[in-house]
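One structure below.
The values are calculated or read from the model by the stated rules, or taken from the named source; none is laboratory data. This is a predicted model, so every value here is computed, not measured. Cβ atoms come from the backbone with ideal geometry, glycine included; neighbour counts cover every protein chain shown.
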2 protein chains.
Amino acid sequence: MIDFDKAGGLVPAVAQDADSGEVLMLAWMNREAYEETLRTRRACYFSRSRNKLWRKGEESGHIQEVKDVLIDCDADTILLKVRQVGDAACHEGYKSCFFRRVEPEGLQVVGQRVFDPKQVYKK
Amino acid sequence: MIDFDKAGGLVPAVAQDADSGEVLMLAWMNREAYEETLRTRRACYFSRSRNKLWRKGEESGHIQEVKDVLIDCDADTILLKVRQVGDAACHEGYKSCFFRRVEPEGLQVVGQRVFDPKQVYKK
């Protein structure tokens, strides 16, 4: 259905809040992550930096329950409609990873901070 | 601001309808496309298949007026909030490129077709 090989094994996956429509994040999926996501209905990505499956929320508890999976016309991008447990998708504690707006004078934080990362990721 | 070099020169850019919140498409930007988009406030992408700048709507007239530009926590993904001229982002005539839902029995078309591609792209 999705041509993972064409894309070098990884395709982008956009997670959108199923209720509000807010775009929460973009991550990557290989075939294994995609199939696990479909099977479990919990978002599973592939971490390019750690080079392994990344079950979103495995450390923070902030999992994403998958309500809908859509693919685009070229079948090389995935859109997940999710319910974000913990109300924040971003590891920096914001609701959405897209919490900064590009302005002529630089970046402006426009996102809503939901938690303090130090309290959630106890490293 | 965005580390294009880290990402091999291209970063994903998600276009979202500024009013409805619908995710319209995902395309790619190199530095030149990004800077043109900021300067002109019209979405300009980089076509991987044609290997050149792609001024969205240059053939169909269905340009995207850029209302807002956001970047994610890792500064390697762009989110554009746009007004889609012609009401359809997809070259297949759908409002959104994500017009198919992944169901256990296969793909189901759930998107709204706005135009007939044969009438718009006279090839």
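So for region B:30-44 (the condition being more than 24 Å from B:Val120 (Cβ to Cβ), in contact (Cβ under 8 Å) with a residue 24 or more places away in the chain, more than 10 Å from chain A (Cβ to nearest Cβ) and not in a loop (DSSP other than H, G, I, E, B)), does at least one residue qualify? Before you say what the answer is, go through the steps one by one.
Filtering region B:30-44 for residues more than 24 Å from B:Val120 (Cβ to Cβ) gives B:30-32, B:34-35, B:38-39.
Imposing the further condition that a residue be in contact (Cβ under 8 Å) with a residue 24 or more places away in the chain reduces the set to B:30-31, B:34, B:38.
Adding the requirement that they be more than 10 Å from chain A (Cβ to nearest Cβ) leaves B:30-31.
Filter once more, keeping what is not in a loop (DSSP other than H, G, I, E, B): B:31.
Yes, because at least one residue in region B:30-44 is more than 24 Å from B:Val120 (Cβ to Cβ), in contact (Cβ under 8 Å) with a residue 24 or more places away in the chain, more than 10 Å from chain A (Cβ to nearest Cβ) and not in a loop (DSSP other than H, G, I, E, B).
What are the residues in region A:71-87 that are within 12 Å of another protein chain (Cβ to nearest Cβ) and hydrophobic (A, V, I, L, M, F, W, C), if any?
Those that are within 12 Å of another protein chain (Cβ to nearest Cβ) and hydrophobic (A, V, I, L, M, F, W, C): A:Ile71, A:Cys73, A:Ala75, A:Ile78, A:Leu79, A:Leu80.
Within region A:21-49, how many residues turn out to be at pLDDT 95 or above, surrounded by fewer than 21 Cβ atoms within 10 Å (Cβ to Cβ) and closer than 15 Å to A:Cys97 by Cβ?
Of the residues in region A:21-49, 3 are at pLDDT 95 or above, surrounded by fewer than 21 Cβ atoms within 10 Å (Cβ to Cβ) and closer than 15 Å to A:Cys97 by Cβ.
Specify the residue that is nearest to B:Gly9 (Cα to Cα); the eligible residues are those in region B:50-64 that are in contact with a helix residue (DSSP H, G or I) (Cβ under 9 Å, 6 or more places away or on another chain) and surrounded by fewer than 15 Cβ atoms within 10 Å (Cβ to Cβ).
Of everything passing the filter in region B:50-64, B:Glu59 is nearest to B:Gly9 (Cα to Cα).
Scanning region B:94-123 for residues that are in a loop (DSSP other than H, G, I, E, B) and at the interface with another protein chain (Cβ under 10 Å from one of its Cβ atoms), which turns out surrounded by the fewest Cβ atoms within 10 Å (Cβ to Cβ)?
Taking the candidates together, the pick is B:Pro104.
Here's the yes/no breakdown for (1) in contact with a Leu (Cβ under 7 Å, 6 or more places away or on another chain); (2) under 19 Å from A:Glu105 (Cβ atoms):
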residue: B:Arg50; (1), (2): no, no
residue: B:Leu53; (1), (2): no, no
residue: B:Ser60; (1), (2): no, no
residue: B:Val66; (1), (2): yes, yes
residue: B:Val69; (1), (2): yes, yes
residue: B:Leu79; (1), (2): yes, no
residue: B:Cys90; (1), (2): no, no
residue: B:Tyr94; (1), (2): no, no
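Give just the number: which of (1) in contact with a helix residue (DSSP H, G or I) (Cβ under 6 Å, 6 or more places away or on another chain); (2) part of a strand (DSSP E or B); (3) not β-branched (Val, Ile, Thr) does A:Asp68 not satisfy?
The single condition A:Asp68 does not satisfy is (1).
Which of the residues spanning region B:74-92 are assigned to a loop (DSSP other than H, G, I, E, B) and either crowded, with 21+ Cβ neighbours inside 10 Å or of a type in the set (Val, Ile, Thr) (or both)? Before you say what the answer is, go through the steps one by one.
Filtering region B:74-92 for residues assigned to a loop (DSSP other than H, G, I, E, B) gives B:74-77, B:85-92.
Scanning region B:74-92 gives B:Thr77, B:Val85, B:Ala88, B:Ala89, B:Cys90.
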